[in-house]
1. Tell me which of these residue 180 doesn't satisfy, since it passes every other one: (1) part of a helix (DSSP H, G or I); (2) touching a residue at least 24 places away in the same chain (Cβ under 8 Å).
2. Could you grab me the full set of residues in the stretch 238-271 that are within 20 Å of residue 106 (Cβ to Cβ) and buried (at least 18 other Cβ atoms within 10 Å of the Cβ)?
3. Give the stretch 519-539 a look and list any residue that's within 18 Å of residue 390 (Cα to Cα), under 44 Å from the mean Cα position of the chain (by Cα) and surrounded by 20 or more Cβ atoms within 10 Å (Cβ to Cβ), or say none.
4. What residue, of 432, 409, is modelled with pLDDT of 90 or more and either under 29 Å from residue 515 (Cα atoms) or not assigned by TED's automatic domain parsing to the domain that holds residue 518 (or both)?
5. Considering only the stretch 406-419, how many residues are more than 14 Å from residue 505 (Cβ to Cβ) and either surrounded by 15 or more Cβ atoms within 10 Å (Cβ to Cβ) or touching a strand residue (DSSP E or B) at 6+ places or on another chain (Cβ under 6 Å) (or both)?
6. If you check residue 542 against the conditions, is it assigned by TED's automatic domain parsing to the domain that holds residue 440, surrounded by 15 or more Cβ atoms within 10 Å (Cβ to Cβ) and either touching a residue at least 40 places away in the same chain (Cβ under 8 Å) or farther than 21 Å from residue 434 by Cα (or both)?
7. Where in the stretch 44-143 are the strands (runs of 3 or more DSSP E), entirely inside, with at least 3 residues that are surrounded by 14 or more Cβ atoms within 10 Å (Cβ to Cβ) and either modelled with pLDDT under 90 or not assigned by TED's automatic domain parsing to the domain that holds residue 271 (or both)?
8. Taking the stretch 232-271, which residues are over 19 Å from residue 212 (Cα atoms), in a helix (DSSP H, G or I) and in contact (Cβ under 8 Å) with a residue 24 or more places away in the chain?
């Protein structure tokens, strides 16, 4: 926050410098400047110094501001332009009383008994319209004069001019008192001037708001600033659409709940609002069926933070009251962190869907192939041994599933519309995908099992001798060879590992994602392949798992079959999301 403009004694002054470093100049913008009394500027700065709770501290050349940023900016401006030292002013003129700022009065006043021109004086800062309403005189180079209607209009126009330049504007006034009671502290005051300060948005704020709009998230500004200031800032951030409404707290006070509910649908800026208004806005947004997230840092934000679906408090500047009322605390006070949190939430939810889809399609495929084989060939011809099923579930499925849970954000994930809070993980799309994949795995493994029976024929006893042969419908007393079991087992292992690649995205082809972009998945699949090869080729494991060593021909057949569920999954994504691609192309 930095003071960049002053208005006093009918003149505008530019203040150079940025931040809280007290280095800069104060120059009039009037080329034909008539000398302005330093007393007028000093009184403006004295009010800014004394009606202020912030502290500027310099340690080893580094300036640290403690307190409210607005008050810190006022102290910095005073350090640049006041003829007296800021610390000396505070030391010589301690407070004798105070009326703290509140959102109803929109003013703060302090009392002092030691300023040189009056034994009893009150100093006030606040919203320009409120200060003008309570002032009847003005301090000028010629002394104190009556505040005419014409001057009120000029000051109001200057306030609007500052506000249209995205400046936050405060007015300053004072009043003499007859005694230390300080009665009527905020009435019949002497107007001194205006300070316009800029609170530049962080560079990443505009980009974060753009991302929110693409993600279907509407960003609304709720501020205590003047309406014109709020509109200027909103326009600079591209937060506001051309036809969006701008409502003030006074507008809200006149509305019924139903009127506000309807108006909230196309209102992006709320200015000069009270704590009660903030709660009304949150209620109106929720009444329209939206999920609301409210950010805030002050005590007066706490009710709205509590009322919102997700209250977000500032971790650095936030009060303890705001933090206790919030559901989430931003440790860096950065709006873009909220956007990153939304993206991370979408990634987590998407990865949960990927893991669920992968595991269910594989396990249902296993069940279906066993069911189909038993129905057609009989219970003696189960394609998988119990120990092989355990291996599939504990080893083959586990490593890829863990890796899918670490999948990075897909391209365009923040361009998808928000999901409904009632949306199910197993939605129509996922159920269709699981069904197609499970059926494809069933067909593939059933085919592999029977090819294994051809290449490694069934065995049966004939006259006490072991004889082998193949008949599609098994003969009585026969059983499948270990070769058939090995074919079914290895084909299912490879089909599930390839299915893991296809599961990396519900919308994009694995060829677009790249096979090597998820190193964790590649490592998990490689580990599964190595362990499976051990099951086939190490004698002691081969005996335990009822497998035989496969030849090169066998691997060619199995890998060819594995393409069936892989191609089925890619075609499903291509067909199901063809409308999405058409919209993107248009």
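1. Result: residue 180 passes all but (1).
2. Within the stretch 238-271, 247, 249, 251, 252, 269, 270, 271 meet the criteria.
3. So the first thing to find is which residues in the stretch 519-539 are within 18 Å of residue 390 (Cα to Cα), and the list is 524-525, 527-536.
Imposing the further condition that a residue be under 44 Å from the mean Cα position of the chain (by Cα) reduces the set to 524-525, 527-532.
524, 525, 528, 532, listed by residue number.
4. The conditions single out 432.
5. The total comes to 1.
6. Working: assigned by TED's automatic domain parsing to the domain that holds residue 440: yes; surrounded by 15 or more Cβ atoms within 10 Å (Cβ to Cβ): yes; either touching a residue at least 40 places away in the same chain (Cβ under 8 Å) or farther than 21 Å from residue 434 by Cα (or both): yes.
Considered against the rule, which asks whether it is assigned by TED's automatic domain parsing to the domain that holds residue 440, surrounded by 15 or more Cβ atoms within 10 Å (Cβ to Cβ) and either touching a residue at least 40 places away in the same chain (Cβ under 8 Å) or farther than 21 Å from residue 434 by Cα (or both), residue 542 comes out as yes.
7. Working: elements: 55-59, 62-66, 95-99, 107-112, 121-126, 135-140.
Fully inside the stretch 44-143 and qualifying: 95-99, 107-112, 121-126, 135-140.
8. Listed by number, the residues that qualify are 232, 249, 252, 253, 257, 260, 261.
The values are calculated or read from the model by the stated rules, or taken from the named source; none is laboratory data. Please read all numbers here as calculations on a predicted model, not as lab measurements. As a convention, Cβ positions derive from the backbone with ideal geometry for all residues, glycine included, and neighbour counts pool all protein chains shown.
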